[in-house]
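Have a look at the structure below before the remarks.
Any read-out appearing in this document is the output of simple, stated calculations on the displayed coordinates, not a laboratory observation. Being a predicted model, the structure only gives us computed values, none of them experimental. Quick reminder, even Gly has a Cβ in these numbers, built from the backbone with ideal geometry, and neighbours come from all protein chains shown.
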C-alpha cells in the first residue's frame, strides 16, 4: 500500500488529520477535504510542508452539490493524480446530549446526511476515478452495531452509523467486479474532540492500526465490519 493516491474527508482535525499525517509520512499523495479549508490551520501547514503531495479542497459531504464540485475540481489535477487508490470517508458528526422523548428531526437528518448519505454519494460519484483494486475505508463506529445495542444513547449518531454500515455492504456489492474492497472500520474509542479526553486510544495508535488493516485487505474482505485491530464486529 505504498505510494498511493488517497482522498481523505474530514481532514481538518481528529482522525482525518492523522490519516493525512501518516499517509504523507509514508510517501503517499493526498487530496484532503474539509468544509472550511481557510480555517484548517494544521492541514494547511502540512500542505505547505509537502508541496505537490497534498491538495486541500473544500467539501461538505452532506451537500450533493459540493460533491459534484469536488469531482469537477479533481478533473483539474493531472491525470495520474486524479486516480484514487484509497478513499477514506472520515467526515462525521455526533450530536451530544440527546435524551429519549426529545430527540429532534433536525439532529437525525443532519446525522444521516453527514454520516451515511454523504459517504455513499461520494463513493458513487468518485467510482469512475477509483482504480480497479482500490480500497474504500468507511470510518464508522461499533455504536452502529444493531446486535451490540444494549442502551439508549447518542441515537442520531447510532442510527446514522447503522445506515452507513449498510451503505458499506451495498457499495461492496456494487464495486466487487472491479476488485474494489469497501470496508466498515471502527477506530476504537479515540482521544479526539468527538471521543473526548477520557478515551483509551490515541489518534496515532488508531490510524496506524487502521492503515495496517486497510493494507492487509483482500477482495474477500470487502463488505466486512472490522475494528482498528482487525477484529470482526457484529452487524
Point to revise | the chain, helix-only ellipticity at 222 nm - DSSP H runs n ≥ 4, -39,500 (n - 2.57), divided by all residues, nearest 500 | key: -11000 deg cm²/dmol
Practice item. Determine, from the Cβ-Cβ distance of residue 220 and residue 22 and an R0 of 25 Å, the FRET efficiency 1/(1 + (r/R0)^6), rounded to the nearest 0.05. Key: 0.45
Check your understanding: What order do you get for 218, 161 when you list them from fewest to most C-beta neighbours inside 10 Å?
Key -> 218, 161
Check your understanding: Share of antiparallel DSSP beta bridges in the chain, in percent to the nearest 5?
Key -> 5
Revision key, fill the gap. Taking only the Cα positions of the range 92-186, the convex hull volume per residue in Å³ is 86
Check your understanding: Give or take rounding to whole Å, what are the principal axis extents of the alpha carbon atoms in the range 34-124, in descending order?
Key -> 51, 29, 20
Exercise for review: Run a plain Debye calculation on the range 123-163 (Cα atoms as equal point scatterers, no solvent) and give log10 I(q)/I(0) at q = 0.25 Å⁻¹, rounded to two decimals, same order as the q list.
Suggested key: -0.81
Study note, to complete from the structure: If the label point sits 7 Å along Cα→Cβ of residue 125, residues of the range 25-48 with amide N under 15 Å come out as 32-36
Check your understanding: Which log10 I(q)/I(0) values, to two decimals, does the range 119-235 give at q = 0.17 Å⁻¹ under the Debye formula with one point per Cα?
Key -> -0.84
Check your understanding: Cα axis of helix 14-25 to longest principal axis of the chain: angle in degrees, 0 to 90, nearest 10?
Key -> 30
Practice item. For a footprinting-style exposure proxy, rank 135, 151, 129 by other Cβ within 10 Å, fewest first. Key: 151, 129, 135
Practice item. Please find the FRET efficiency linking residue 41 to residue 109, where r is the Cβ-Cβ separation and R0 is fixed at 35 Å, and quote it to the nearest 0.05. Key: 0.70
Practice item. Measure nothing but the geometry: give the 0 to 90° angle between the long axis through the Cα atoms of 64-74 and the longest principal axis through the Cα atoms of the chain, rounded to 10°. Key: 20
Review point. Quick one, what does Rg over Rh come out to for the range 5-227 if you take C-alpha atoms and the Kirkwood Rh?
Key: 0.94
Review point. For residue 53 and residue 202, FRET efficiency with R0 = 22 Å and r from the beta-carbon atoms, rounded to 0.05?
Key: 0.35
**Study point:** the chain - percent relative contact order, Cα under 8 Å, separation 6 or more
**Key:** 18
Check your understanding: Per 10 Å bin, what is the whole-percent P(r) computed from every C-alpha pair distance within the range 5-72?
Key -> 23, 57, 20, 1
Check your understanding: Angle, helix 155-175 long axis vs. longest principal axis of the chain, Cα atoms, 0 to 90°, nearest 10?
Key -> 40
